[in-house]
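Novice: First, the structure itself, so that you have it in front of you.
None of the figures in this text is laboratory data; all of them are computed from the coordinates on show. Everything quoted here is computed from the prediction, not taken from an experiment. Here the Cβ is made from the backbone with ideal geometry for all residues, glycine too, and neighbour counts use every protein chain on show.
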Amino acid sequence: MTTWVGLAVALAGALGYALGAALQQYEAVAEGATLKLVKRPRWWIGGIIGFTGACLHAVALAYAPLIMVQPISVATLVFAVPLAAFMYGRRPYKAEIFGSIAVAVGLLWLMLLVDPDHDVTPRLSTPAALGFLGVIGVIVLISQIWASRVQGANKALLLALGAGVVTASVSTFVRVVGGGLEGDLSRLLHWFTLAIPTLLICAVVLLQRSYAVGYFGIAYAGVQVVDPITSVLAGAVLLGEPLPTDPATAVPALLAAALTIGGTITLGRLAPDHSKKTPAPLPEPATSDRG
């Protein structure tokens with residue numbers, strides 16, 4: 001019962017995160033990933049809404065395993081695409097609707113299949129945590145360097161890759177800290193707790209850079225696919241959370257994951273690319289009275 005409460009909270013957080021992302025991306029395209037964003041009220045509103053969604057996601061991780069909560073984050077794309085379409089003054093495309101259905105069905109299927117027989121109290125050693133952060137850092141560095149050499153959708157996708165793995169690291173540490181409390185608040189006095197806001201700030205910066213390229217669907221889809229995949233791997237490899245091993249369960253789980261990812265990619269490719277602003281008219285040249 002507790003697990004399903006966590007999943008319901010995660011779904012509510014997904015809606016908030018989607019709305020916040022759509023608002024922030026709209027502003028990031030206009031101003032770029034610069035400090036000018038802090039002067040945009042809509043960017044702050046999006047940030048507050050998104051932060052609330054992230055907090056609900058963190059609460060969910062205290063009640064349910066990482067490998068079950070993280071796939072729900074992909075559902076944010078189902079909400080984000082129609083919200084983005086509304087902001088751009090259009091209706092969602094038919095392909096976007098079909099993609100949303102594919103993601104929703106795939107997620108529901110996956111949640112029913114990836115249901116561990118027992119919950120595992122998350123434990124993470126300092127050497128394992130540092131190694132994990134080292135891997136995340138290398139991935140971010142490579143993605144940033146590569147993104148600096150390309151343009152357009154590829155740039156947005158590469159920046160989203162870095163944002164996705166850092167976001168997953170936030171979820172991993174939240175799961176370790178929140179799930180490992182067991183009523184003892186003194187366990188918060190650990191460097192893992194300080195790592196969470198630090199990683200969160202890094203994730204926000206990387207997300208804004210990805211959004212500012214102008215390809216919301218591709219950037220958002222990239223984050224929402226990379227984030228849960230990285231988190232599920234971290235949960236299984238680092239935290240010992242069980243994954244389906246019986247072929248009767250594993251094969252359908254893989255098919256459900258493929259359906260979810262395929263729908264996400266479809267949504268990402270068809271979402272609006274740019275928030276086109278009408279440029280301010282250039283001042284007319286001063287006319288001379290001499291004639």
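Novice: Using the C-alpha atoms of the range 2-270, what convex hull volume per residue, in cubic angstrom, is computed?
Specialist: With only Cα atoms used, the range 2-270 gives 121 Å³ per residue.
Novice: Follow-up. Where the centre of each part is set by its Cα atoms, how far does the range 43-72 sit from the range 194-248, in angstrom?
Specialist: Spelled out, the Cα-based centre of one part sits 12 Å from the other.
Novice: While we're looking at this one, here's another question. In what sequence do Thr230, Thr52, Thr264 fall when counting other Cβ within 10 Å, fewest first?
Specialist: Thr52, Thr230, Thr264
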